[in-house]
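Shown next, in structure tokens, is the structure this report addresses.
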Number of protein chains: 2
Amino acid sequence: MLTEVKETKMKFSKRTHTCGKLTVKDVGKSVVLNGWVDKRRDLGGVIFVGLRDRYGITQVVFEPENNEEAHRVGKELRNEFVISIEGTVRKRPDDQINKGMKTGSIDVIVNKIVILNESETPPFPIKDNIETFEDLRLKYRYLDLRRPVFQKTLLLRHRMYQIVRKYFDENSFIEIETPMLMKSTPEGARDYLVPSRIHKGKFYALPQSPQTYKQLLMISGFDRYFQIVKCFRDEDFRADRQPEFTQIDVEMSFVDTEDVLEVVEGLMKLLFKEIWNKELKEPVPRFTFNEAMERYGSDKPDIRFSLELITLNSVFKNSEFKVFKDAIESEGIVSGLVAPGCAKYSRNQIDNLTKIVKNLGAKGLVWIKVTEDGIDSPIAKFLSDDEKEKIVKTMNAGAGDLILILAGKRLKTLIQMGVLRLEMAKRLELVNPDVEPELLWVTDFPLLDWDEETKRYYAMHHPFTSPRMEDIGLLDTDPGKVKARAYDLVLNGYEIAGGSIRIHNSDLQLKMFKVLGISKEEAEKKFGFLMNAFKYGAPPHGGIAFGFDRMVMIFAGGTSIRDTIAFPKTTSALSLMDESPSEVSEEQLKELHIAIRKES
Amino acid sequence: MLTEVKETKMKFSKRTHTCGKLTVKDVGKSVVLNGWVDKRRDLGGVIFVGLRDRYGITQVVFEPENNEEAHRVGKELRNEFVISIEGTVRKRPDDQINKGMKTGSIDVIVNKIVILNESETPPFPIKDNIETFEDLRLKYRYLDLRRPVFQKTLLLRHRMYQIVRKYFDENSFIEIETPMLMKSTPEGARDYLVPSRIHKGKFYALPQSPQTYKQLLMISGFDRYFQIVKCFRDEDFRADRQPEFTQIDVEMSFVDTEDVLEVVEGLMKLLFKEIWNKELKEPVPRFTFNEAMERYGSDKPDIRFSLELITLNSVFKNSEFKVFKDAIESEGIVSGLVAPGCAKYSRNQIDNLTKIVKNLGAKGLVWIKVTEDGIDSPIAKFLSDDEKEKIVKTMNAGAGDLILILAGKRLKTLIQMGVLRLEMAKRLELVNPDVEPELLWVTDFPLLDWDEETKRYYAMHHPFTSPRMEDIGLLDTDPGKVKARAYDLVLNGYEIAGGSIRIHNSDLQLKMFKVLGISKEEAEKKFGFLMNAFKYGAPPHGGIAFGFDRMVMIFAGGTSIRDTIAFPKTTSALSLMDESPSEVSEEQLKELHIAIRKES
């Protein structure tokens, strides 16, 4: 039985065309098409089938008077059956021409058909804009990927790989693969570990990034390196992170910040042109970290809309209002934002906004409605007339506008204001598909972040980032003030790349580790090979790494990283399709010299 | 102190040219070069320094009369110091022109120099053809990679990546990344496992190949897929294997063997042209597995030299010599090989050859020296005159030649003869760099391999390989006779790619698992998602995977895989540079819910 079935199903004629190819020019030709039944209409006598492949859809027609046997088989077809047909191209009657389809002017009249495979009814329809739980889509990912939106997105992703590599190749960068099995040196996120079978009790780690290797490649004299590479972070997932993600990794020797930025802008210009057919606006704006925070409350500002924050310390420098007074006296900030036309907001709407900033740790939200007659605000009674006048003027607010103000510690307050800004942009529908994309740089980041909990500094980027030359002295006296030679690239409010000029001197690198509370011994144990390499003629170097998945997401106009990856994991790092991670055999564990812990 | 040192070392002028760029056309120009001190000659008054970067070497000259300060610093330079110089391009005197170097007609007279970094004396010289233990080179891999041979090999590898991707892109293949964290389904080699922190007691596996994913992508309708991808196998290493290796992975829908072969030959043609500037000889020869074994004793024959094996069963069909008689009667083989001009081999030389085949399990080696007067052989007395005449004639041997013969079980004997053939080719120096490369296909492999130890069949390629249509019936009756729709690509005696047409029908796949002794339950547990996917319209499909590291090795003219990889592991899977695998913290293990076993 099986023999018979198989032999039929395995024998088929090679296609002469794909399903997106035939036009009126082919009328009269004998053709072979292979593909999936996208749709089937049985009009009693005649059966119309939309035959689909990656390249398009062609309508094939089964007419009993043309071929009785083919028509009989045509009756058996169901959606997603895989078939091979032989037939003749025929021009459609004028009133049936579909101008929206490349193949819309022709039909193929079927003379012969082979069913290559049948299909059960899919758990969801193979078309866009379906209402289906993502979990079901992920379980049947191979069917999800048949939907036009995924075919399009992965084709776009394919094009982006090729554009990126071509660009770097043409600019003398050399593609080099770095190891996936490396040394565990967790600093920041957790490593994924891989137990060694040959070396009992020892482990490899999967790379969080090829950072040390790309620096070693500079020391090796490769001058300009790039790679599109998988990286891994074992984090507790925020909504849109993946345990494995793809990075465009770049490093250059004998460069300063300007050189790296120039190379990156060249790539972005190309992608804007090739993917969006848009000209990148030049020069690409640059904001210092301080400026970005003060004006947008974010180190990855979305400047597709203005809604800028305004620092109000000067307005309230003599304020009697305790919240403002305290903030200003303790070197904090009072920051405001105008929501145009929102003076009509209800109590309830304002409460919702207050909830949002309170969740972020703000004590409360100050609001001021600007009216024709002056201002309406719970804090009006604490403000002098001068302050009332100044605030409206400074904020450039008009009647009908709503002013929102937060006061407190500088960075914390600005971050809260940044979230409020994005919330207002959403409510005011300031971002729509027609808004032009906005690319920008953020520079002059602090080198170090002070952590109150552990009472130590952390590297804001990573411990290999170089301080600004003029700040090196501060490393001993006031590390928090040191600025880094670091830069982030921001597109539409997403950080899509980050990099820095690196430390290339082992003394300075040791000092950096010291400031980070990493002892000489620990540095030696973890990064000894890199420190050692610095002793043999390390060139000045710097680079950058792009979050490729996120770039694809933005260029595809999507909103979820998962939709840009062929086989993604859920937010709890599960693959619903193959059900990994999964249990493994005791024998496998034994060979790896590990056991599952009883406790915990 | 550090401040001062650093500020100087971090400030340098941007290079105007690389060290491979300047020619007589640039004479008189003011230039800035950055690079490494490759060599330094101090002729008392004048100092000559070869300044090196990835692009070449330029001779820069420190003359006291030109700039005293620069000359003073020039005296401090040692090999591998990183410097930045500013100077003027000067034509060399005619008698000092080096025609072998692109920059050999000019010098740069140094007006200013900054030492960007010093270097300790490297543990081995930065030049080719050094006599250094590989372990030392691997420990200081970043210095090893500075040597010209590695700069060249990795640049070649870079070019091969670009050529390969461009080829597949231009042929409508779409590049898709498949997951690195997948389900453990060991079948054949061992998986590398990755413990899950979020899901206690569960593990991901690193891919041995993206086989199941690429088949799912065909089911998704992507039609033509490729990827250059890292794969992992936890094997006990043979000499030239790496735990992580790079594969060019390819899959196509609606194809038969011919279609895959055509695409692959197109790629090879391109690589022959672009890398070697050679025309690929077409048609590319094809050998069935049987033919390759019988003529070359190998399923990856090196046909750059002939030394073909000849089956002698017909010559000895009535032999009285027991060894031959037994072999022929038990459906075994008598196979011979002519070593031209080797009749002069000493007892000792022949003993050495005997040792080689005995190590492979042969009982002994029959040798026949062909002389002007007839034959000289220990078995001469067992042979009839007719046999003596026939053997010399059949083997086409002449006076002075040596005939080597093995007899026994067919495949085992042929494999031994294959090794003997390669050994003789080496002794006769039949392969040298001038020999033309030879590409070929091996096809019609057996689908299954019987394992005497475990008394079961194993898939010769993998369990997703399709049997030939005409052999499907044999799966029930005589599985050992079933031939696969599989093909291997062989270059210069190395298997560089292997692939097959796949099973695309879940019934046939289940039957295949059954023949392999994998129960329905086990198949369901391990490959349920794939079997399930087959039910929703899987197209006929097939593909191939190339061993990219090995391809680079052959195209670079090398002999070691490790020399084609930037940061390789040793044969015991160690990275001598960063000393991974390494111990990790108890805290890390606790988070992963695993412990190191006390026992074993």
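FYI, it's all coordinate maths here, none of it is from the lab. Predicted model only: the values in this text are computed from it and were never measured. Quick reminder, even Gly has a Cβ in these numbers, built from the backbone with ideal geometry, and neighbours come from all protein chains shown.
Shortest first, B:VAL431 label-point distances to identical copies amount to 5.9 nm, with the label point at 7 Å from Cα along Cα→Cβ. With 21 Å as the limit on Cα-Cα distance, the pairs of B:LYS358/B:LYS412; A:LYS200/B:LYS569; A:LYS14/A:LYS152; B:LYS127/B:LYS152; A:LYS230/B:LYS230; A:LYS230/B:LYS273 that go past it are A:LYS14/A:LYS152; A:LYS230/B:LYS273. Could you tell me which of rounded, prolate or oblate describes the protein assembly as shown, using a ≥ b ≥ c as the square roots of the eigenvalues of the alpha-carbon gyration tensor, with rounded for a/c under 1.5 and, failing that, prolate when a/b is larger than b/c and oblate otherwise? Since a/c reaches 1.5 but b/c is at least a/b, the shape of the protein assembly as shown is classed as oblate. The Cα center of the stretch A:356-431 and the Cα center of the stretch B:411-450 differ in position by 80 Å. Computed from backbone phi with θ = phi - 60° and the Karplus coefficients 6.51, -1.76 and 1.60, the 3J(HN,Hα) list for the stretch B:99-111 is 6, x, 10, 4, 9, x, 9, 10, 10, 10, 7, 7, 9 Hz; x is used for glycine and proline. Computed with the Debye formula from one identical point scatterer per Cα of the stretch B:139-209, without solvent, the log10 of I(q)/I(0) at q = 0.12, 0.25 Å⁻¹ comes to -0.67, -0.97. Compared with the dominant Cα axis of chain B, that is its longest principal axis, helix B:148-170 is turned about 60°. As a rough footprinting exposure proxy, the listed residues B:ILE106, A:ILE561, B:ILE113 were ranked by other beta carbons within 10 Å of their own, and the order from fewest upward is A:ILE561, B:ILE106, B:ILE113.
Summing charges over all other residues whose Cβ lies under 9 Å from the Cβ of B:ASN34, with Lys and Arg as +1 and Asp and Glu as -1, gives +1. Remark: label point of A:ARG286 defined 7 Å out from Cα along the Cα-Cβ vector; separations to the same position in other copies 6.1 nm, ascending.
Cα extents for the stretch B:365-500 along the principal axes, largest to smallest and rounded to whole angstrom: 57, 41, 28. Rounded to the nearest 500, the helix-only mean residue ellipticity at 222 nm of chain B stands at -9000 deg cm²/dmol, with each DSSP H run of n ≥ 4 adding -39,500 (n - 2.57). Where does the charge balance sit around A:LYS166 when Lys and Arg score +1, Asp and Glu -1, over other residues with C-beta under 14 Å from its C-beta? Overall, the nearby charge balance is 0. The Cα atoms of the stretch A:305-427 define a convex hull whose projected area, averaged across directions, is 6.7 nm². Simple point charges give the picture: +1 on the Cβ of Lys and Arg, -1 on the Cβ of Asp and Glu, and for the stretch B:305-427 a dipole about the Cα centre of about 540 debye. Based on Cα contacts under 8 Å between residues 6+ apart, the stretch A:2-117 shows a relative contact order of 31 percent. Placing a label point 7 Å from Cα along the Cα-to-Cβ axis, B:GLU579 is separated from the same position in the other copies by 4.3 nm, shortest listed first. For peptide A:306-312, the mean count of partner chain Cβ atoms within 10 Å of a residue's Cβ comes to 0. The amide H of A:ARG456, built 1.01 Å from its N in the peptide plane, has A:ASP451 as neighbours under 5 Å, considering only residues 5 or more places off or on other chains.
Positive-end ranking of B:ALA538, B:PRO123, B:ILE496 along the dipole of chain B, with charges on Cβ about the Cα centre, is headed by B:PRO123. Computed over the Cα atoms of the stretch B:82-241, the ratio of the radius of gyration to the Kirkwood radius (Rg/Rh) comes to 1.14. Net charge within 11 Å of A:PRO148 by Cβ-Cβ distance, Lys/Arg positive one each and Asp/Glu negative one each, not counting A:PRO148 itself? Spelling it out: positives minus negatives among the neighbours equals +4.
Residues A:ASP549, A:ASP169, A:ASP259, arranged from fewest to most other Cβ atoms within 10 angstrom of their Cβ, appear as A:ASP259, A:ASP169, A:ASP549.
Its Cα gyration tensor gives chain B an equivalent ellipsoid, and the semi-axes of that ellipsoid, as √(5λ) in whole Å with the largest first, are 53, 36, 24. Spatially, the stretch B:39-77 and the stretch A:100-161 are offset by 66 Å when compared through their Cα centroids. Rounded, prolate or oblate: which fits the stretch B:492-592, taking a ≥ b ≥ c as square roots of the Cα gyration tensor eigenvalues, rounded meaning a/c under 1.5, else prolate when a/b beats b/c? Oblate, because a/c is 1.5 or more while a/b does not exceed b/c. Once the Kirkwood radius over Cα pairs is known for the stretch A:551-600, the Stokes-Einstein relation at 4 °C and 1.567 mPa s delivers a diffusion coefficient of 93 µm²/s. For the stretch A:81-125, GluC sites (Glu not before Pro) meeting the loop criterion (DSSP other than H, G, I, E, B) and having at most 16 other Cβ atoms within 10 Å: A:GLU120. For the peptide B:246-254, the mean number of other protein chain Cβ atoms found within 10 angstrom of a residue's Cβ is 2.
Counting only other chain Cβ atoms within 10 Å of each residue's Cβ, the peptide B:570-579 averages 5. Between the helical axis of B:520-533 and the longest alpha-carbon principal axis of chain B there is an angle of about 60 degrees. Give me A:ASP234, B:ASP26 ranked fewest to most by other Cβ atoms within 10 Å of their Cβ, as a rough exposure proxy. Result, fewest neighbours first: B:ASP26, A:ASP234. A Stokes-Einstein calculation at 4 °C with viscosity 1.567 mPa s, built on the Kirkwood radius of the stretch A:2-117 over Cα pairs, returns a diffusion coefficient of 92 µm²/s. Evaluating 6.51 cos²θ - 1.76 cosθ + 1.60 at θ = phi - 60° for every residue in the stretch A:295-304, the Karplus couplings come out as 8, 10, x, 7, 8, 9, x, 9, 9, 5 Hz, glycine and proline recorded as x. Taken about its Cα centre, chain B carries a charge dipole of roughly 1080 debye when the Cβ of each Lys and Arg holds +1 and the Cβ of each Asp and Glu holds -1.
Across chain B, where is the longest run that never hits chymotrypsin sites (Phe, Trp or Tyr not before Pro) in a DSSP loop with at most 16 other C-beta atoms within 10 Å? Free of exposed loop sites, the longest segment is B:238-600.
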